[in-house]
1. Starting from the range 135-158, keep only residues that are more than 20 Å from THR321 (Cα to Cα), then list their pairs with residues that are of a type in the set (Phe, Trp, Tyr) and within 11 Å of the ligand (Cβ to nearest atom) whose Cβ atoms are within a distance under 8 Å, requiring at least 6 positions of separation or different chains.
2. Given (1) open to solvent by 10 Å² or more (accessible area, probe 1.4 Å); (2) in a loop (DSSP other than H, G, I, E, B), identify the lone condition not met by MET245.
3. Listed residues GLY195, GLY213; which is on the phi > 0 side of the Ramachandran plot and either within 16 Å of the ligand (Cβ to nearest atom) or at pLDDT 95 or above (or both)?
4. Please state which one of LEU67, LEU107, LEU115 is hydrophobic (A, V, I, L, M, F, W, C), open to solvent by less than 50 Å² (accessible area, probe 1.4 Å) and not in a loop (DSSP other than H, G, I, E, B).
5. Find all pairs meeting these conditions: Cβ atoms under 6 angstrom apart; at least six residues apart or on different chains; first residue within the range 102-121 and assigned by TED's automatic domain parsing to the domain that holds ALA149; second residue among the charged types (D, E, K, R) and open to solvent by 30 Å² or more (accessible area, probe 1.4 Å).
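The values are calculated or read from the model by the stated rules, or taken from the named source; none is laboratory data. Remember, predicted model here, so these are calculated numbers, not experimental data. Glycine gets a Cβ as well: all are built from the backbone with ideal geometry, and neighbour counts include every protein chain shown. Side chains included, ligands, DNA and RNA excluded: accessible areas come from the protein's heavy atoms. Shrake-Rupley method; radii C 1.70, N 1.55, O 1.52, S 1.80 Å.
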Amino acid sequence: MSSEKGESKPMQTKNKILIAAISAVVVVGVALGIYFGVHNKNNSNSVTPPGQNGTMINGTLFPYYTLTGPAPAPVGVAGMVYTTCKTPNTFSISFDDGPSEWTHELLDLLDKENLKVTFFVNGNNQGCIYDPKVQSILKRAFQSGHQIASHTWSHPQLTTLTVDGIKTEMTRLEEALEAVLGVVPRYMRPPFGDGTFGNGNANDVKVQTTLKGLGYVITTWDIATTDADIDDNNVPHKLSDQVLMAKEQQQVTSVVEAGAKGATHMQLMHDTYMRTIRLMAPWSINYIKNLGYKMVPVATCLGDEDPRTWYKKIGPAAASTPTTCTK
Ligand SMILES: [Zn+2]
């Protein structure tokens, strides 16, 4: 208890001067540290806001990530079509066509599991991106550290459009994402994979050249759960939970088991089906975890680990946005 008594005694003048001198040195040191710290960070336009986690990049906060130094050069190549991951032992699960009314539940699950995925979002498909409810889900997904990528404005078959039509589909969504989130994606997935394979339009030059010109890395999948083909949100469902899960799980296990141990995969699902989120996503996460895979977003598994490389433009979100898609 003696130390407590000692500390309560008035300080002697000599000690006061010493402490003042030390404090002055500390203050100058901290000031210089802050100056050079901020100065260095300004080189990459990134600043960690005081009292907050994450990093502010050009006016957009990445709350989940601490990003220092200049952004690395992107690894994913514009115009290339990637059907699976490149980093060994990685597995990405991705969700197309949303956000939907079920996406919050998926975000809860992913938060609980501390996993990051890729959302290939539309502008005006199942819902309108400017709908305040949709905007809030999108913001939550972005701020939770998930990758937001493009799935076109209105989900058309890109091979059926003119070059200008393809450009409009891409740039209209860019405009919306820039307004809502402050970012424009570098990654996209063509609806139905059209223009990259299947649908009788294998490697469509018009689609791929146009997307390349816009700077897009094209990513498809090597596993499709086929939820969009066999599931529905009707009551009652066409297929029972049991039958549906057996079919979807078989789509996953057949591809994984046919591959080498640790072979990479890109799995496609849709966050527009209740049972994808309540049944298939949890099952997939367990299955993939038990096989020892590292689950990461699509860009990360292609080598773009720094989220600054997921977007071709990062800036402040718009102060106000439309609230409907009619314009
Ligand atoms: Zn789709």
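1. HIS151/PHE120; GLN157/PHE192
2. (2)
3. GLY195
4. Details: LEU67 fails: not in a loop (DSSP other than H, G, I, E, B); LEU115 fails: not in a loop (DSSP other than H, G, I, E, B).
None of the other options fit; the residue is LEU107.
5. The qualifying pairs are LEU107/ARG140.
Residues checked against (1) among the β-branched types (Val, Ile, Thr); (2) out of contact with any helix residue (DSSP H, G or I) (no Cβ under 6 Å at 6 or more places or on another chain); (3) part of a loop (DSSP other than H, G, I, E, B):
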{"position": "VAL255", "(1), (2), (3)": "yes, yes, no"}
{"position": "THR272", "(1), (2), (3)": "yes, yes, yes"}
{"position": "MET280", "(1), (2), (3)": "no, no, no"}
{"position": "TRP283", "(1), (2), (3)": "no, yes, no"}
{"position": "GLY292", "(1), (2), (3)": "no, yes, yes"}
{"position": "LYS312", "(1), (2), (3)": "no, yes, no"}
{"position": "SER320", "(1), (2), (3)": "no, yes, yes"}
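Residues are listed down the side, and each one gets a yes or a no for (1) in a loop (DSSP other than H, G, I, E, B); (2) crowded, with 20+ Cβ neighbours inside 10 Å:
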| site | (1), (2) |
| --- | --- |
| LYS139 | no, no |
| GLY145 | yes, no |
| ALA149 | no, yes |
| HIS155 | yes, no |
| LEU177 | no, yes |
